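Written out below as C-alpha cells is the structure these notes cover.
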Amino acid sequence: MQHGTAGRLRIDLGALVANYRLIAQQVAPASVAGVVKADAYGLGAVPVSTSLYAAGCRHFFVAHLCEAATLQPHLPSDATLYVLNGLYPGTEADCAAIGAVPILNSLEQIDGWAALARTLHRALPGVIQVDSGMARLGLTADDLATLRVSPERLAGIDLLLVMTHLACADDPDDGFNVQQRTTFNAIAHQFPGVPRSIDNSGGAMTAGVGHGDIVRAGIALYGGAPHGQPNPMQPVVALDATIVQLRTVDAGAGVGYGLTHRFDRPSRVATVSVGYADGWPRHLSNRGSAYIAGVRVPIVGRVSMDSMALDVTDVPDAVLRAGAPVELIGPHQTIDDVAAQAGTISYEILTRLGHRYARTYLPAPVATPDRSIMA
Ligand SMILES: *Cc1c(COP(=O)(O)O)cnc(C)c1O
C-alpha cells in the first residue's frame, strides 16, 4: 500500500554499501561486521543484511536470539550471526539449533554453552566479551581470574573472537578510549591466537589506533555521524510527510493540544501527516522544523499522535497544496540534526521510525569483484 500512508521513507542501499566500503578502507586489514540489531536500526534487517552480504560482509551482529532466528533463513551459510546479549538461561539449545554464535558475557553463560557442547558431543562456536570499563556486559576482572585458574570451563567452546565495547567512542578525544583499549589488549593475551573485536562505528572511524580483527559498525553504516561534524558517511534515509490540510489563522490564535503556541501575526498553518506514533519525537513540539521546497518551516504547537502543525506563512503559495511533500529527513535536515533538536541521538530517531510509512528501497549497484583484494 503506497497511498494514504503517513509518509514516504526511502532507504538508499547504495549509500549503505558505500558507507560499508568507507569503513572497510578506514579499518583495513580488519574486516567490518554489520550490526543489524533492532531490525537494522529500523531500516529492515533483511534488505540491509543481504545488501551488505553482496558487498562482501560476512559477520552480522544482533542483540537477541529471536532476531538471529528471523534473519538466519535469509543469509547464505557462510555468514555468521552473533547474538550480543548472549544466552538467556534456557536458550542454549535454540541458539545451537539456529547455528547462531552467542556472545558469552558471564561465567554462567560460558558454563551453559559448554554443558550443551558436552551433551551434543561437538564443539560450539562462541565469543567471549570482557568488560573493559563500561560496566554493561561482559566478564569482570574476577571472572577472568576464575577462568585463568579453571580454563577447562571453556572446553567444548570454539572461541571465534574475544571482544569488548567502548563507552566513549563517539568522542575520539576522550582519554577513556585509550584506557579501555589498553585494558582490553592486556586481557586479550589471556586468549592467545583468538581474533579481537573492539570498535563500534565511533572507534572504527577513529584514526591512529589499531582496530583489531573485526569492527562492529552500526550507526555509521546507516548514515549517522560516528563522531561530531563533519560527517563522512552518506545519508541512507530520507523521510517525507504530506500536507493534509492548510488553513489561515488570525494573530493571537493558538494551535494544537494545550494551545502551546500562539501566532503573533496572521499566519498560514499546514497540518502534516506524521506524528509521534510514527516515531517523530513529541519532544520536537514547538522546537523542531521541516522543509517545504527548501524553505524551513517551524513545528508549532504539540506534535500529535498522527499529525503535527507547521507555520508555513513564509512559504510561497505556489508550493502549498494538500498532498504536497514535506521534508522531515533529507538534504536540509539530517538524522543527526533531528536528534539534536529533540535532545536525543540519531540511533533513537532511526530505531523508532514507524510502520505507517510507504517504504522504498533504492537498490545498491550490482557488486563487482574488488580486484585490489583479489590480486
Ligand atoms: C550496538 C552495538 C554496536 C554498534 O554500535 P554503533 O555505535 O551503532 O556502531 C557495536 N557493538 C556492540 C556491543 C553494540 O551493542
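Bear in mind that the values in this text are calculations on the coordinates, not laboratory data. Because the structure is a prediction, the values reported are computed rather than measured. So basically every Cβ, Gly included, is an ideal-geometry build from the backbone, and we count neighbours across all protein chains shown.
Here are the numbers for the structure shown:
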{"item": "Packing rank of 179-187, 348-356, where each peptide gets the mean count of other beta carbons within 10 Å, highest leading", "result": "348-356, 179-187"}
{"item": "For the range 244-250, Karplus couplings with θ = phi - 60° (6.51, -1.76, 1.60), whole Hz, Gly/Pro x", "result": "8, 7, 10, 8, 10, 10, 7"}
{"item": "Centroid-to-centroid separation of the range 276-313 and the range 340-365 [C-alpha atoms, Å]", "result": "16"}
{"item": "Given charges at Cβ of Lys, Arg, Asp, Glu: the chain dipole, positive-most of Val366, Gly223, Ile187", "result": "Val366"}
{"item": "Whether the range 101-235 is rounded, prolate or oblate, judged on the alpha carbon gyration tensor where a/c under 1.5 counts as rounded", "result": "prolate"}
{"item": "Electrostatic dipole magnitude of the range 261-375 [Cβ: Lys, Arg +1; Asp, Glu -1; Cα centre; debye, to 20]", "result": "220"}
{"item": "The chain: antiparallel DSSP beta bridges as a percent of all, rounded to 5", "result": "50"}
{"item": "Relative packing of 252-263, 321-332, which averages over residues the other C-beta atoms within 10 Å, highest first", "result": "321-332, 252-263"}
{"item": "Whether the range 13-224 is rounded, prolate or oblate, judged on the alpha carbon gyration tensor where a/c under 1.5 counts as rounded", "result": "oblate"}
{"item": "Packing-based order for 19-26, 340-347, 202-209, using average beta carbon neighbours within 10 Å, highest first", "result": "19-26, 202-209, 340-347"}
{"item": "Cα gyration tensor shape for the chain, rounded if a/c is under 1.5, else prolate or oblate", "result": "prolate"}
{"item": "Derived scalar couplings ³J(HN,Hα) [the range 93-98; Karplus, 6.51 cos²θ - 1.76 cosθ + 1.60; whole Hz; x for Gly, Pro]", "result": "5, 4, 4, 5, 5, 6"}
{"item": "Distance from the range 195-265 to the range 15-75 (C-alpha centre basis), Å", "result": "20"}
{"item": "Order of Tyr291, Tyr361, Tyr41 - criterion: other Cβ atoms within 10 Å of each residue's Cβ, fewest first", "result": "Tyr361, Tyr291, Tyr41"}
